[in-house]
Ligand code: UGA
């Protein structure tokens, strides 16, 4: 089938490439000239393991094209996927500016009937509005299918080929059937329902996972106060299959482009319908505190960090991505700069992105070792392999004061080392 995918962010690019890989002819479209030029040279605008190999092979097989929005002939395709961003607006709701622009464009430029598939995360009622807006006073007829995405950054390629479910919502059985056919090679159970249910499934899933993380973090604070160990506690909980061990990892909270924005949007949608969403609101509040937890440890240890070299190991909101949106690192660096510390940072992929936020205010190191040299505290932010593999001996030989504040619980052996001062989330301070 011939498909166009509008938007080449995480969702659009991975969706487009995966549809090409299973045999469809796909045009990935964006308004950003630079991005399209990069993609034509098989370069991905985002760091995502495995994506460039698939871009190249599908491009060479003649199944994948990249075009600027202005060049696209919409009528070349039977199906149009919407995968543009729905960032958080200032009031916490989802900003639908990009969606509305694309809808106007489709209305103005399509001369043949089509199916529109919404991949972007949109508030309840949006797919119905899209359908009404496209079909109002129009000779061309549009069906709309809501098909939210559940892939994770950093493992998006693996996730997209191994989905646990395909969620499809529409008021047209024929349109749903067509999209079931498009996806049949993915071999996952398809949930077929209405627009509103699919819209809620997406928000409810992300908010549930975010709440599970905040629950683990709330319990981690209790563990610290009561002298328990969060790792034993979550292991003891997670072996119960009704609870499960996934997303119970306590640490410095969740970041990224999805959980913060979708939890906020879910509470705004609930407010609109006068429904209590206080569980999710509490999860958001706990996360805010958790993201700067390492600063509270640092403040307990040092009365003043002015002019002290403080190292950050990792910046991205999670490993295997260069994404720093809503990352704990940003909030931690801001707090350190307020305290006039000398901030030195290292991340295998996210350095360029963090440079755009902090410019010359902090020092960008090339290796984990140089980040540690002469430092008086190492804050562990992201559990990259390059960081997990640092030997304890290195903290001792390189740092002025071998003090590790571990936001991801990856250097637990340091607790046994009398030459290292170590503090981590959810265990009583060993310092
Ligand atoms: C999330 C969802 O997991 C995807 O299913 C969804 O498709 C995606 O949002 C989206 O809406 O597009 P993502 O944000 O890429 O995916 O990353 P996750 O792996 O879910 O991690 C999110 C954050 O939670 C990270 O900061 C991670 O460090 C943190 N986390 C995760 C924890 O603190 N503890 C855990 O146990 C798990």
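The values are calculated or read from the model by the stated rules, or taken from the named source; none is laboratory data. The structure presented is a predicted model; accordingly, all values stated were derived computationally and were not measured. Please note: Cβ atoms are built from the backbone with ideal geometry, for glycine as well, and neighbour counts cover all protein chains shown.
Please go through (1) under 26 Å from the mean Cα position of the chain (by Cα); (2) buried (at least 19 other Cβ atoms within 10 Å of the Cβ) for residue 163 and return the number of the only condition it doesn't satisfy.
(2)
Under the condition of being in contact with a helix residue (DSSP H, G or I) (Cβ under 9 Å, 6 or more places away or on another chain) and in contact (Cβ under 8 Å) with a residue 24 or more places away in the chain, which residue from the stretch 349-364 is farthest from the ligand (Cβ to nearest atom)?
Applying the filter and picking the extreme gives 361.
Kindly evaluate residue 267 against the criterion of being in contact with a helix residue (DSSP H, G or I) (Cβ under 6 Å, 6 or more places away or on another chain), free of Cβ contacts under 8 Å to residues at least 60 places away in the same chain and assigned to a helix (DSSP H, G or I).
no
So residue 184 ticks every box in (1) within 16 Å of the ligand (Cβ to nearest atom); (2) closer than 21 Å to residue 23 by Cα; (3) surrounded by fewer than 21 Cβ atoms within 10 Å (Cβ to Cβ) but one. Which box is left unticked?
(1)
If only one of 104, 95 is free of Cβ contacts under 8 Å to residues at least 24 places away in the same chain, over 23 Å from residue 247 (Cβ atoms) and within 16 Å of the ligand (Cβ to nearest atom), which one is it?
None of the others qualify; the one that does is 95.
Is it the case, given these coordinates, that residue 153 is out of contact with any helix residue (DSSP H, G or I) (no Cβ under 7 Å at 6 or more places or on another chain) and either modelled with pLDDT under 95 or part of a helix (DSSP H, G or I) (or both)?
No, not satisfied.
One line per residue, one yes/no per condition, for (1) modelled with pLDDT of 95 or more; (2) part of a helix (DSSP H, G or I); (3) crowded, with 16+ Cβ neighbours inside 10 Å; (4) over 19 Å from the mean Cα position of the chain (by Cα):
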| residue | (1), (2), (3), (4) |
| --- | --- |
| 223 | yes, yes, yes, yes |
| 242 | yes, no, no, yes |
| 245 | yes, no, no, yes |
| 252 | yes, no, yes, no |
| 276 | yes, no, no, yes |
| 282 | yes, yes, no, yes |
| 286 | yes, yes, yes, no |
| 295 | yes, yes, yes, yes |
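If the Cβ limit is 9 Å and pairs must be 6+ apart or interchain, which residue in the stretch 187-213 that is within 16 Å of residue 246 (Cβ to Cβ) and free of Cβ contacts under 8 Å to residues at least 40 places away in the same chain pairs with which residue that is within 14 Å of the ligand (Cβ to nearest atom) and part of a helix (DSSP H, G or I)?
Close Cβ pairs (under 9 Å, with a partner that is within 14 Å of the ligand (Cβ to nearest atom) and part of a helix (DSSP H, G or I)) amount to 212/283.
For residue 155, which of the numbered conditions (1) under 30 Å from residue 115 (Cα atoms); (2) in contact (Cβ under 8 Å) with a residue 40 or more places away in the chain; (3) surrounded by fewer than 18 Cβ atoms within 10 Å (Cβ to Cβ); (4) more than 16 Å from the chain's Cα centre (by Cα) fails to hold?
For residue 155, the exception is condition (4).
The rows are residues; the columns are (1) more than 16 Å from the ligand (Cβ to nearest atom); (2) in contact with a strand residue (DSSP E or B) (Cβ under 6 Å, 6 or more places away or on another chain); (3) within 23 Å of residue 246 (Cα to Cα); (4) assigned to a helix (DSSP H, G or I).
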| site | (1), (2), (3), (4) |
| --- | --- |
| 137 | yes, no, no, no |
| 145 | yes, yes, no, no |
| 148 | no, yes, yes, no |
| 167 | no, yes, yes, no |
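Go through the stretch 323-342 and give me each residue that's farther than 26 Å from residue 89 by Cβ, assigned to a helix (DSSP H, G or I) and in contact with a strand residue (DSSP E or B) (Cβ under 6 Å, 6 or more places away or on another chain).
Passing the criteria: only 336.
Which of (1) outside any loop (DSSP other than H, G, I, E, B); (2) more than 16 Å from the ligand (Cβ to nearest atom); (3) touching a helix residue (DSSP H, G or I) at 6+ places or on another chain (Cβ under 8 Å) does residue 171 not meet, given it meets every other one?
Among (1) outside any loop (DSSP other than H, G, I, E, B); (2) more than 16 Å from the ligand (Cβ to nearest atom); (3) touching a helix residue (DSSP H, G or I) at 6+ places or on another chain (Cβ under 8 Å), residue 171 violates only (1).
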